[in-house]
Amino acid sequence: LILTSGAVVGFGLFERSIPRLAHGSFEFLGSAVPKDRIIAVVFAVALLLLVYLFLKRSRYGQAMVASAQNRESALLRGIDPNQMSRLAFVIACALAAAGGALAGSILELAPAMGIQPLVKGLIIIVLGGLGSLLGATVGGIILGLLDGVLPVIVSPVISSVAPLIIVIIVLLVRPQGMFGHE
């Protein structure tokens, strides 16, 4: 609420746009797919792969994972959990900035535009399981497919409620999410 109010004071109530990454579109299975969305998907997949490789293959990434899983054990191994938390925060900010730049080139920017992605992010985390990169990826794909396919098959009202129904079912069947650990 504070950030939204600050955005209204700083930028006004009206939507704004920034220049697109690319103009034009490609034909794919009889549908026009804008080039800027293709660039955004490729960039997002590349970032996801980079984060995965960083967490699995680099010393700092493994130290971050160790600190997140067990701070005391990380301390015993000579890892500073506070430094790893700061590094994680910096990486999260950089990824948020990249996501904002990609979204800004595709969407109209408005002060309250962050509410819907926030709810979608929460749904993805609950579906996939807290702390699971694979779960977040699968949860994101599931939510993306639901958002893209359901409005075509059923009414938009039902398609907007379907992700919440699936989250409730997942929480009832597997409270830790699809890939979360107990």
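The values are calculated or read from the model by the stated rules, or taken from the named source; none is laboratory data. All of these numbers come straight from a predicted model, not from anything done at the bench. Don't worry about glycine lacking a Cβ; one is built from the backbone with ideal geometry, like all the others, and counts go over all protein chains shown.
In the set Gly135, Gly129, Gly177, only one residue is under 15 Å from the mean Cα position of the chain (by Cα), touching a residue at least 40 places away in the same chain (Cβ under 8 Å) and on the phi > 0 side of the Ramachandran plot; that residue is Gly129. Residue count for segment 125-180 under the criterion of being within 28 Å of Met64 (Cβ to Cβ) and part of a helix (DSSP H, G or I): the result is 19. Checking every residue in segment 55-68 against the condition of being under 20 Å from Gly144 (Cβ atoms) and assigned to a loop (DSSP other than H, G, I, E, B) gives zero matches. When segment 4-21 is limited to residues that are over 23 Å from the mean Cα position of the chain (by Cα), farther than 19 Å from Gln116 by Cβ and exposed (fewer than 11 other Cβ atoms within 10 Å of the Cβ), the one that is modelled with the lowest pLDDT turns out to be Gly10. Taken over segment 22-40, the criterion of being surrounded by 13 or more Cβ atoms within 10 Å (Cβ to Cβ) and in contact with a helix residue (DSSP H, G or I) (Cβ under 9 Å, 6 or more places away or on another chain) is satisfied by Ala22, Ser25, Pro34, Asp36, Arg37, Ile39, Ala40.
From the list Ser31, Ser58, which residue is of a type in the set (S, T, N, Q) and at pLDDT below 90?
Answer to the check: Ser31.
Residues in segment 71-101 that are surrounded by fewer than 13 Cβ atoms within 10 Å (Cβ to Cβ) and either over 21 Å from Pro117 (Cα atoms) or of a type in the set (Val, Ile, Thr) (or both): Glu72, Ser73, Leu76, Arg77, Gly78, Asn82, Arg86, Val90.
With respect to Gly78, determine if the residue is out of contact with any helix residue (DSSP H, G or I) (no Cβ under 8 Å at 6 or more places or on another chain), within 30 Å of Ile18 (Cα to Cα) and either outside the structural domain of Val8 (by TED's automatic domain parsing) or not basic (Lys, Arg) (or both). Criteria not met by Gly78. Residues in segment 75-90: is at least one modelled with pLDDT of 90 or more and among the acidic types (Asp, Glu)? Yes, the conditions are met somewhere in segment 75-90. Could you grab me the full set of residues in segment 14-38 that are within 21 Å of Ala136 (Cα to Cα) and in contact (Cβ under 8 Å) with a residue 60 or more places away in the chain? Scanning segment 14-38 gives a single hit, Arg37.
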